[in-house]
Every structure is written in structure tokens, then in C-alpha cells.
Amino acid sequence: MKTLIVEDSSTLCAIYEAYLDDTGYEVHTVETFTGALMALETLKPDLILLDIELPDGNGLDLLAETVLMTPKPAVVVMTGHGIEFADQAIERGADDFLGKPFDASRLRVTLANAAQRLELTQKLSKLGEMRERLGPMMGASGVMQAVYSTIESLASSRATAIITGESGTGKELAARAIHDLSARAPKEFVAVNCAAIPSDLIESELFGEAPGVRGNIHARDGLIKQSDGGTLFLDEVCDMPYELQSVLLRFIQSGSFKPVGSDVEFVADVRILAATNRDPLFEMREGRLREDLFYRLHVVPLRIPPLRERGEDVLQLSAHYLNVFSEQEARETCGFTEDARRELRRYPWPGNVRQLENIIHRLVLMTPEQTIGYEQLRAAIMDSDLVDGAAQAASVTFASAAEGRLGGVEPLWLTEKRAIQSAIDYCEGNVNRAAGLLEVAPSTIYRKIQSWKSSSLS
């Protein structure tokens, strides 16, 4: 840590410098106000040990200059004139003070404390910038604090990572934040949804094609080439064909690849970030995700929590989207009633942030009043695409099941069982999401399933 000592006595400069031997500080000394100003410009110190009385100026004036610096250094003021001058220095932005004379131990402890505070301040500043970039992932909940911390750690690393979380939680946003905060930020961030590409084309999409493949006259670059020096984000990686996973693994290990139809090997510097809305460990055990690829991607796992686990974050996000869409649509919608706020907190949001964004946008468009009420919110929730999709899936199941029954009538318990099973299937086995769609507690579903298993109704 670059440390500047500003002291008009050359003897004291030498003593203080000796005090800091073997501390790891990179120490520089100046004896004048003018010299200190030049050092601020050229050295850009992290720590400053500042004397107030200088032959050509006042240390407090120099302190005012440090407050304007970005990043601001930590300043410890030295004075032999009592607490009055120290108070003035603190009021003007000093981090601490030392009363002259002081010994080596006191100096070391004071500077170490200032360095710790500086490091914490820098981390918080960086974290604040990161949260702004995360946009819809904003939130102050404890679970999101853990997410921010992991993103920060991943940004300073070169390791591969897999991001897990339900649909709509913001996995791509997290991947983009990792890229933007890393040394790869100047290069491309390329995202691809593995589930959206036909299985027979995904290798070509990733690694490119040689001339002549599928009638192409010229070679075609793949996403690996496009993201050279940057980051490639593989969304829904568990949907990648099993046989292609070994090719991806080989690239992650070696950094080399061959375009489809080519015998020429190319090299690319690409960081791989992957994501899935499934449990990757379960997918591996079921044989859909290669074990070696799982462990290669699972170096640093990052789970994005569903909205229902984020507490009051839902209110912050709702207010954010309300402001965004009100401005975008030139509306004067300005808030929610207390009943609506309670419903925002109560509803489990099975579609997570994506569903919330959609519903708030709809409410801004459809609400003539300035304030959104409970009934309007409930109507928008019930009309949401996710709920409609689940209802349609359930209705098909019910209609098929009713065929062959007298009058299409079946026992109530069976209708209930089919509805619950349909919702669970629709949510890919996630009981909490199914409970949200059915508007019952997850414990209710577990209790009914247990009762069916323990009775002849199963």
C-alpha cells in the first residue's frame, strides 16, 4: 500500500519511515506543502501521514485536496497542538489523528486501522457500483448480500462457474455482472441458451464450421471465437447433448477447439460461465450431465435465490419497476395501497423477478388511478402468463382423465390429486412453485401426498 509521509522535519521523516520497516507499506516522504501536492498527483497514495504545520502551507488545506481525489486516500493527521486541531482535521475529512510524540507501535496500529477502513470503503463502493449494474437483482436482503459477495469473488477469478436458480431469478444478469466486474470487461460477453438450439446444430453454433459444411462457401465463426478474450455464458447447460459435453469439457481444459468439418485446431481464451434452473447434482446422478463436466463447472457455485426468499426486496423491486414503467409509458402511477403491499410480500412469485416485472408493467398500463390497489394486483396476478400456462396444462390433464367416466365426473379427491400432480409436473418437481400456483401452502401438498401414499387412494 503506497504511503506518503508529509513532515517538515527530515529527522522525523526518517524516524517514521524506520517505524514502518517490515510492514509491507511502500513509504515515500516529502517535507513541504508543494512537494505534497506534486506527490498527490504523481504517486496517488493510498495512505497519507500528514503534519499540519508545513513551511509553505497548512496541512488542513492539503487535507481538502485529498477529499476531492478519486479514489480518496486514508489520511492520518499528526499534531502536537492538542485535540482542537485534531477535531478540525476530522471534520475536514481526516480518518484519524496522532498526537505527537508517538512510538512505532502506536503508528503501526493507527495506520493499520486506517488501511482496513480504506479497504472496506473501497469494497463497499465497488459493491455499490456492482448493484447498480445488477439492476433487477437489487435488494438488501441477507441472501442477496451473499450473492453480491460471491459475484465479487468470481469477478476477480478466472475459474469456471455454474449459476443455479429458478427461471426468472436473473441468472444471466449475474453472469453479466461477473463479466463486467472482471478484467475481461472490455471484451465480448456472449450468451447462448442451449435449450433453444437444435441438438444437431449446437456444436456448429459453439465452435463454428469449416467451408463446405451444410453448403457454406466460407468458414463460419462460432460463439467460442466471438467471445475470445471475453466470457461465454451457456444458459440451460443441462440441456446440452450428452455427446457434446465431452467436446465442451475438452475446450475448457485445453482452450483449443476444431470447427465442425475441420482438422485444424484453434485456440481461444474464453471464460465459461454456465447456468441451469435444475439441480446439476441431480442431473449428473441421473446421467444427463457428465460427471467430469459437472466438477469442472462446479468450481464456484452461485445460487440465485427465488423472489419468495428475498423478503422485503419484492417491495424495492416493485417500486423500481413502477418508476421505470410509469416514466416509459408516460403514466402518473405513483405507488401501492397498503393491502397491495401486503399482497406483494405474501404472494410466492413462482415466475420470480420476470413475473413481477411483467405484472407491474401490466398494472401501469391498465390502472387509471395513481395508486394500485389490492384487487387490481390480484387480478393481474391471476391473469399472468405463468398461471394461465399451468391452468391450461391442468385442464388438458383433467379432460383426458375424465374420458370414459360416466358423465365426465370423478371423485373430488382424484380431481384434487390430479391438479396437484399436474402443477408439480409443470414446475418440474418443485413443490414450492407448485404450491404458489395452486395458492396453497407447500405443507398442504406434502400432507396430501403423504395421506395418499398411506391409504388406498394412492
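Read the figures in this text as sums done on the coordinates, not as results from a lab. Bear in mind that the values here come from a model prediction, so they are computed numbers and not experimental data. Heads up, the Cβs are rebuilt from the backbone with ideal geometry, glycines too, and the neighbour counts pull from every protein chain shown.
Quick notes on this structure:
- Annotated for the chain: lysine pairs at least 8 residues apart or interchain, Cα distance under 27 Å, count 23.
- Per residue, the average separation of C-alpha pairs within less than 8 Å and at least 6 apart gives the chain a relative contact order of 10 percent.
- Spatially, segment 216-284 and segment 7-54 are offset by 52 Å when compared through their Cα centroids.
- Between the listed residues VAL314, PRO368, GLN328, the Cα displaced farthest toward the positive end of the dipole of segment 309-383, a dipole computed from Cβ unit charges relative to the Cα centre, is found at VAL314.
- Net charge dipole size for the chain [Lys, Arg +1 and Asp, Glu -1 on Cβ; Debye, nearest 20]: 1940 debye
- Segment 303-354: C-alpha gyration tensor shape, a/c 1.5 cut-off, then a/b vs b/c: oblate
- Shape of segment 2-123, Cα gyration tensor, a/c cut at 1.5: rounded
- R0 of 25 Å, Cβ-Cβ distance LEU315-VAL440: FRET efficiency to nearest 0.05: 0.55
- The structure shown yields mean projected area of the Cα convex hull in nm², and of the options (1) 25.0; (2) 19.9; (3) 34.4 that calculated value carries the label (3).
- In the chain, excluding the sites themselves, the longest stretch lacking any of the GluC sites (Glu not before Pro) that are in a DSSP loop with at most 14 other Cβ atoms within 10 Å is 1-264.
- Segment 255-298 residues near the modelled SER153 label - backbone nitrogen below 14 Å, point 7 Å along Cα→Cβ: 298
- You can think of it this way: the chain between ARG346 and THR415 has 22.2 nm of extra reach, that is 0.36 nm per residue less the Cα-Cα gap.
- Spin-label pair THR32-SER10: with each label point 7 Å from Cα along the Cα-Cβ axis, the two points sit 1.3 nm from one another.
- In this label model, GLU291 and GLU65 are separated by 6.5 nm, measuring between points 7 Å along each Cα→Cβ vector.
- Distance between the pseudo-spin-label points of LEU365 and ILE217 (7 Å out from Cα toward the beta carbon): 4.4 nm.
- CD proxy at 222 nm, helix term only [per DSSP H run n ≥ 4: -39500 (n - 2.57); per residue of the chain; nearest 500]: -15500 deg cm²/dmol
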